[in-house]
1. Residue-wise, which Karplus ³J(HN,Hα) couplings in Hz belong to the range 294-305, taking 6.51 cos²θ - 1.76 cosθ + 1.60, θ = phi - 60°, and x for glycine or proline?
2. What are the ³J(HN,Hα) values, in whole Hz, obtained from phi via the Karplus relation 6.51 cos²θ - 1.76 cosθ + 1.60 with θ = phi - 60°, for each residue of the range 353-358 in sequence order, with x given for Gly and Pro?
3. Whole number please: convex hull volume per residue, Cα atoms of the range 6-283, in Å³.
4. Using helices alone, what [θ] at 222 nm do you get for the chain, with -39,500 (n - 2.57) per DSSP H run of 4 or more residues, divided over all residues and rounded to the nearest 500?
5. Work out the length of the dipole vector of the range 33-156 about its Cα centre, built from +1 on the beta-carbon of each Lys and Arg and -1 on the beta-carbon of each Asp and Glu, and round it to the nearest 20 debye.
6. Convert each backbone phi in the range 262-270 into a coupling constant with the Karplus relation 6.51 cos²θ - 1.76 cosθ + 1.60 (shift: θ = phi - 60°), then list the ³J(HN,Hα) values in order as whole Hz, x for Gly and Pro.
7. Given the options Asp103, Asp114, Asp260, which has the most mean-square fluctuation in a GNM of the chain, springs set between C-alpha atoms less than 10 angstrom apart?
8. Dipole size in debye (nearest 20) for the range 6-283 around its Cα centre, Lys and Arg Cβ +1, Asp and Glu Cβ -1?
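Every number here is computed from the coordinates shown, using simple stated rules; none is lab data. Keep in mind that what you see is a predicted model, and the values were worked out from it rather than measured. We place every Cβ from the backbone using ideal geometry, glycine too, and count neighbours over all the protein chains shown.
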Amino acid sequence: MFSNEVLYFKNTVYSIKTESDTSGNQFYLNKYLLKSETTNFDYEFKWQFPFERKNIHSAHIFYADKKNVFLYVTVQGGAKTGQWVLKLNSEEGKLEKATKLNDKGETNSYEFGDFFADKNYKSINLIGQKYTEAQFNPHENKLAISNAVSTSVYYIEIDSLGELTVKQDFKIPINDVKTGTKKTSNNYILRFYGFSKNGNGGLSFTSDVFKSVNNNLCYVYCNTTVFNAAPMDDKLTMEKNSISPNLLIEEYYSTSDKLDINGKLCIDSLNQFEKLFYKPLTLPIRQQLKMDDKKNPLWILAKHTTKKNGVNFSFLSPVKGIYKVTTIDEMNESNNPVFNNLNSSSFMISSQSEEGKYQIKLYNW
């Protein structure tokens, strides 16, 4: 249960177990059922699904309902190389359908971003970044996306029979902003959330932007951007937008401390590249984002200061037409402060102010 690859659905838990030996890795999907709601975390093992042993590189559980559980799987090597969506029967753990996202002979990589399950059409909709073999080649341990002028985002819809009914790419411009006299080589990745489809068939999704400097395998949060695509002439057209860093956000948590992990995503090697797009953040910077009446983005940010052993919560919003960072509250780390978003206009920050006393502050914004 301490693995990152765990998904909870009501009283059910799905987890991925990996065993390694000289012949490679063996992946298993396990299902557990809560024995009783009146006891603490006592689970009963229900079934295990063993993946094909050959060439499975990674597996990510992303959705489950009463009938099925879905996984995003990357295969590296052999005729099945590429990205797959597996659909399993949740009662028996049997594979119902395996859908390959890559076309025949296609060498592009489709990184998992976000999804939504359309219950009306019983379809699974996926969105994420797509890389060509020249940009990302795991066999050659190669990542060549620095100083790119644009990035490619895919949208895929899979129907109830496991067939790809929609497959479209969007090219989004990258407007890199560099400060100082020292030349740097930057590259950006996107982590999607809030993916949805409106009644007219248009799409909306939000992306946290992360930046890496000089091909470092650590990425830091630098902005959040909202994207919309509308149907036009039998396809979706993206509204004009771009990817760029926000210097005020970067300045907010900037520090000389090399051990600082605010808003930071790191991997040990390029072999774990796909995990950058869905692994949990230890200390996320963005707590919440919304648009005001004039469609200006408003942020609630948080940072942990090691030297002061504190946590700072701040607004990033226009003040008399100029974006500024304004402190909401500062608390001691030992008080375990917690941010909770309630709705689009209110949130609360709670903490253990002293022994026997728990403090909750309610805010409107």
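1. So the J values, rounded to whole Hz, are 9, 6, 8, x, 10, 10, 10, 10, 9, 9, 9, 9.
2. Result, rounded to whole Hz: 5, 6, 4, x, 9, 10.
3. Considering the Cα atoms of the range 6-283, their hull volume per residue is 174 Å³.
4. Per the formula, -500 deg cm²/dmol.
5. Dipole size: approximately 320 debye.
6. 4, x, 10, 10, 9, 10, 6, 8, 5
7. So, out of Asp103, Asp114, Asp260, the one fluctuating most is Asp103.
8. 140
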